[in-house]
Amino acid sequence: MSSPSSVTVRVPAKVNVQLAVAGPRADGFHALANVFLAVSLYDHVTVTPADSLRITCSGPDADQVPLDASNLAARAALALAGRYGRTADVHLHIDKDIPVAGGMAGGSADGAGALLACDALWGTGASRAELLDICASLGSDVPFGLTGGAALGEGRGEVLTPLETGGTFHWVFAVADGGLSTPAVYGECDRLRAASGTDPGPAQPAASPALLAALRAGDAAALASAVSNDLQPAALSLRPSLASTLAAGTEAGALAALVSGSGPTAAFLVKSPEDGERVAAALAASGTCRAVRGAAGPAEGATVVARRP
């Protein structure tokens, strides 16, 4: 079979239904118990042959996406090319729909999408284990962009264990103005704990048994009672206006409200798509966020959706 002239990969956003954060390790990272759920907000990464590595981006907040070698999509192409002794002479186009710097792993998703797209374009035949190894070298959230579904991330989040889910969970996401720096949020978490004398807990946090049971059962009410995010106080400290967003969604009837990852996107678990529409309308009318999006999970991970001969 001849090589395709372009490949497009669809890759999902994530929400963290549990994010338990230990104290900083010697390498500066934090050990996590990070329960990921992929949701149906997607970026699309299209790769085509080119004279040199080039990145373009379209979609909401595309102007905030770096178009140089710091972009995880570019780093993924370079990493795969280096492993297989070739040059990364490709044009990577990212069609953004995942909020930028919003705590939903959009940049990491693009890295996973570009890796899978380049693998298909070049016909490298890399194994799943090789692709996951490259993902882990790129960033803590990148492996989950490849796998999707639901998973427990341990270590710094890159060591994944797939999790069983018994149904579909419906979400509303409130997108804030501007982003938050993930390193800044972790730094603020450490500062707040030191200032209050809070014990960061065990060196390797554990997933909540109640939360894992709720996922297995597909029980949204039980999941709502179990969700948690250790980074939420830090995100609220750096962006106090998020408290009003969380309150607006809760008052509108969401089962649970929490900051997604390092923020500033706020995530609201709802009973059904119809309840989601009501919560979304209330959030839009509240004036506490820039945009509102509905989604459901679990969603599949990075997937080739188009190949052109």
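A few points about this structure:
- Count of the stretch 225-248 residues, restricted to those that are under 17 Å from VAL279 (Cα atoms) and either touching a helix residue (DSSP H, G or I) at 6+ places or on another chain (Cβ under 8 Å) or at pLDDT below 95 (or both), is 5.
- Among the residues listed as GLU251, GLU277, the single one being touching a residue at least 12 places away in the same chain (Cβ under 8 Å), surrounded by fewer than 16 Cβ atoms within 10 Å (Cβ to Cβ), touching a helix residue (DSSP H, G or I) at 6+ places or on another chain (Cβ under 9 Å) and not aliphatic (A, V, I, L, M): GLU251
- Residue in the stretch 218-237 that is among the hydroxyl-bearing types (Ser, Thr, Tyr), in contact with a Ser or Thr (Cβ under 9 Å, 6 or more places away or on another chain) and crowded, with 20+ Cβ neighbours inside 10 Å present: no
- Single residue of SER70, SER58 found to be loosely packed, with under 13 Cβ neighbours inside 10 Å, more than 30 Å from LEU269 (Cα to Cα) and under 21 Å from the mean Cα position of the chain (by Cα): SER70
- Count of residues meeting criterion [more than 27 Å from ASP43 (Cα to Cα), out of contact with any Lys or Arg (no Cβ under 9 Å at 6 or more places or on another chain) and not hydrophobic (A, V, I, L, M, F, W, C)] in the stretch 9-30: 2
- Close pairs from the stretch 87-106: first free of Cβ contacts under 8 Å to residues at least 40 places away in the same chain and under 14 Å from TRP122 (Cβ atoms), partner of a type in the set (A, V, I, L, M, F, W, C) and part of a loop (DSSP other than H, G, I, E, B), Cβ under 6 Å, at least 6 apart: ALA88/LEU53
- Residues in the stretch 49-64 that are free of Cβ contacts under 8 Å to residues at least 60 places away in the same chain and either in contact with a helix residue (DSSP H, G or I) (Cβ under 8 Å, 6 or more places away or on another chain) or among the basic types (Lys, Arg) (or both): LEU53, ARG54, ILE55.
- Of all residues in the stretch 107-126 being assigned to a loop (DSSP other than H, G, I, E, B) and free of Cβ contacts under 8 Å to residues at least 60 places away in the same chain, the one that is surrounded by the most Cβ atoms within 10 Å (Cβ to Cβ): ALA126
The values are calculated or read from the model by the stated rules, or taken from the named source; none is laboratory data. The structure displayed is predicted, hence computed values, not measured ones. Don't worry about glycine lacking a Cβ; one is built from the backbone with ideal geometry, like all the others, and counts go over all protein chains shown.
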